[in-house]
Amino acid sequence: MTIGEALKAERKRLGLSQSQMTGNLITKSHYSKIERGLFDIRTNDLLTILNLHNIDVVEFFKKISVTNQEENTKAYLAQLHAAYYTRNIKKIEQTSSKLKNKQLQTPELKNLEAQASLLKAYLTNSINTLSDKSKENIKKIIFSNDEWQLEDLRLFAIAISLFDISELNSVVKSIINRHFNLNLEEKEFRLVLSAILVNFLSYSVKVQNSDTQLIKKVFQVLDNLNGEPDNCFAKIMTLYYREYFAGNKEKIDEIIGVMKDSGMKGIFKNKK
């Protein structure tokens, strides 16, 4: 069973029309083609649809027989993200084990395995105990392509804390020079690039980054993001870090309060 077939089966089980199944996320025409296997579905969109209808993500993916490498990669990525946001360490370990046991270790699978190890390290507060060899291996995976692919960027976004601040500043400067206007990027790239910049601000606070000019440029890029709903998280976090650098405690507490009330209190777990 493919992802499209599994979605159709769940929709029929719930007695929903195609419009009801997708909500306002994607058009009925596009969704219809996904069910028929003519179009792929983005990981974030798939997870949103599943969560919208309280469909168990793990059980959903158990129904899917992966028919090609691309679909295989998407399935593993979705499982890792779902496990991370539900803090399911056991599921991350299981997925990581499956990735390691694959006979053909493609660059895509190695990238996913690195993501799994990082996500587990963050959930277990053991990121600082990763060996130098593991850190270097992750960096090699990130920079293995002459042109960064989406998965390279995604891995970099969660591996930022592995970099020395001087290294990180250099990479972020390169990203800004090539992607100054994020509104021109495709949705998936825009979301990952904005996540990189938000995570950079977070790390800059942690290590007291002295490159204030670069920090200002990062704020400028994030401030220019348009008001699309997909950009909401990045816009809120940009506001948070702007107030943080300005030392506006009252505004900081207000933003944290809104995020906690929205069920995202874990984001500020280690922030003062």
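The values are calculated or read from the model by the stated rules, or taken from the named source; none is laboratory data. Note that the structure is predicted; figures quoted are calculated from it, not measured. Positions of Cβ are generated from backbone atoms using ideal geometry, with glycine treated the same way; all protein chains shown enter the neighbour counts. Note: accessible area is taken over every heavy atom of the protein model, side chains too, but ligands, DNA and RNA are not part of it. Shrake-Rupley method; radii C 1.70, N 1.55, O 1.52, S 1.80 Å.
For segment 204-251, taking Cα atoms only, Rg and Dmax work out to 11.5, 32 Å respectively. In this label model, THR212 and THR129 are separated by 3.9 nm, measuring between points 7 Å along each Cα→Cβ vector.
Computed from backbone phi with θ = phi - 60° and the Karplus coefficients 6.51, -1.76 and 1.60, the 3J(HN,Hα) list for segment 46-52 is 4, 5, 5, 5, 4, 5, 4 Hz; x is used for glycine and proline. For the chain, carbon and sulfur atoms together expose 49% of the accessible surface, with a 1.4 angstrom probe and every protein chain in place.
Here each label is just a point 7 Å from Cα along the line to Cβ, and for GLN149 and LEU52 those points are 2.9 nm apart. For the residue pairs LYS98/LYS140; LYS135/LYS217; LYS133/LYS206; LYS62/LYS133; LYS100/LYS260; LYS217/LYS251, alpha carbon separations beyond 32 Å are given by LYS62/LYS133; LYS100/LYS260. Using only the Cα atoms of segment 1-137, each taken as one equal point scatterer with no solvent, compute I(q) by the Debye sum, divide by I(0), and report log10 of the ratio at q = 0.12, 0.13 Å⁻¹. Relative scattering, expressed as log10 I(q)/I(0), comes to -0.52, -0.60. Cα extents for the chain along the principal axes, largest to smallest and rounded to whole angstrom: 55, 41, 33.
For segment 139-257, taking Cα atoms only, Rg and Dmax work out to 14.1, 45 Å respectively.
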